[in-house]
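The next block holds one structure in the form of structure tokens; read it before the comments.
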Amino acid sequence: MKQLALDLGLAPSPSLAQFHAGPNAAALQHLRLMLASAAPVPTYLWGEAGSGKTHLLQAVRAELQERGASVGWLAADSATAPDFDARWTAVLLDDVHSYDSAQQAVAFNWFINALHPASGSPRWVLAAGALPPADLPLREDLRSRLGWGHVFQLQPLGEADCRAVLRAQAAARGIRLSDEVLDFMLQRFSRDLGSLMQLLDALDAFALRTQRAVTIPLLKTMLEAL
């Protein structure tokens, strides 16, 4: 029987404070401004996998919920979606490029109700996808509306930024990544940050289960066991 990992070293919840902006500083600053605005403008983030889109949406959701606000959340892997709730402060739409027809109908309904609510001021719509609005494979009325407000393209982080993020995330879990381990990870695996974070999560859990320090031999052993 494998030893169960203790509830230690868990990945920190996404937050704006821990987002390493790199070339995406303008997008991060915009989100902070919208969170402080009484009349936030619809915002769309797009970029390739690992550029930080989902992290930012989850971070915005967490910050709003910490303030006691409720939000609508719809992602491509959402099993169900509720009707628009007038109590929501914002509507967050993730991975819109992968929405099926039913999800597109929900997203359009939420968008219209958010910008033109039956009562109160407009709600913020924050969406993210892999493509710019004009190229999204969505119904025209939804596709066009996603480009109504501010649009930001997120750029993947360079190697130096990836190293800084991995070190910081590892430190938050209570583990130290040596230069040798970082070199191994960056030279042999996909450099998109999403994949590297999944690798770090797996390595963290494996180190806890085996009660061993994070080293290249440990990483190799984990990969052989997969």
Point to revise | Of residues in segment 22-45 being farther than 11 Å from residue 126 by Cα, in contact with a Pro (Cβ under 9 Å, 6 or more places away or on another chain) and among the hydrophobic types (A, V, I, L, M, F, W, C), the one least open to solvent (accessible area, probe 1.4 Å) | key: 39
**Study point:** Flag for residue 151 being outside any strand (DSSP E or B) and within 21 Å of the chain's Cα centre (by Cα)
**Key:** no
Practice item. Kindly indicate which of 13, 51 is within 11 Å of the chain's Cα centre (by Cα), open to solvent by 50 Å² or more (accessible area, probe 1.4 Å) and modelled with pLDDT under 95. Key: 13
Exercise for review: Could you figure out which of (1) in a loop (DSSP other than H, G, I, E, B); (2) touching a Lys or Arg at 6+ places or on another chain (Cβ under 8 Å); (3) of a type in the set (A, V, I, L, M); (4) closer than 22 Å to residue 112 by Cα isn't true of residue 16?
Suggested key: (4)
Check your understanding: What are the residues in segment 36-53 that are touching a Gly at 6+ places or on another chain (Cβ under 8 Å) and either in a helix (DSSP H, G or I) or over 16 Å from residue 151 (Cβ atoms) (or both), if any?
Key -> 49, 50, 53
Point to revise | Residue that is surrounded by the most Cβ atoms within 10 Å (Cβ to Cβ) [pool: residues in segment 113-140 that are within 15 Å of residue 40 (Cβ to Cβ) and among the small types (Gly, Ala, Ser)] | key: 127
Practice item. Collect the residues in segment 141-176 that are surrounded by fewer than 18 Cβ atoms within 10 Å (Cβ to Cβ), in contact with a strand residue (DSSP E or B) (Cβ under 7 Å, 6 or more places away or on another chain) and aliphatic (A, V, I, L, M), keeping them in residue-number order. Key: 151
Check your understanding: Taking the stated definitions as given, is residue 160 within 30 Å of residue 201 (Cβ to Cβ) and either out of contact with any Leu (no Cβ under 8 Å at 6 or more places or on another chain) or touching a residue at least 60 places away in the same chain (Cβ under 8 Å) (or both)?
Key -> yes
Review point. Pick from segment 56-112 the residues that are assigned to a strand (DSSP E or B) and of a type in the set (Ser, Thr, Tyr): which of them is surrounded by the most Cβ atoms within 10 Å (Cβ to Cβ)?
Key: 89
Point to revise | Single match in 54, 89, 80 (criterion: among the hydroxyl-bearing types (Ser, Thr, Tyr) and closer than 23 Å to residue 134 by Cα) | key: 54
Check your understanding: Within the group 96, 71, 41, which residue is closer than 27 Å to residue 191 by Cα and β-branched (Val, Ile, Thr)?
Key -> 96
Exercise for review: Kindly provide the set of residues from segment 179-196 that are loosely packed, with under 14 Cβ neighbours inside 10 Å and either touching a Lys or Arg at 6+ places or on another chain (Cβ under 6 Å) or modelled with pLDDT of 90 or more (or both), ordered by number.
Suggested key: 179, 180, 183
**Study point:** Selection from segment 176-226 of residues that are more than 22 Å from residue 157 (Cα to Cα) and not in a helix (DSSP H, G or I)
**Key:** 211, 212, 213, 214, 215, 226
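The values are calculated or read from the model by the stated rules, or taken from the named source; none is laboratory data. Note that the coordinates shown come from a computational prediction; the quantities given were computed from them, not determined experimentally. Every residue, glycine as well, gets a Cβ built from its backbone with ideal geometry; the counts of neighbours run over all protein chains shown. Accessible surface areas use protein heavy atoms only, side chains included; no ligands, DNA or RNA. Shrake-Rupley method; radii C 1.70, N 1.55, O 1.52, S 1.80 Å.
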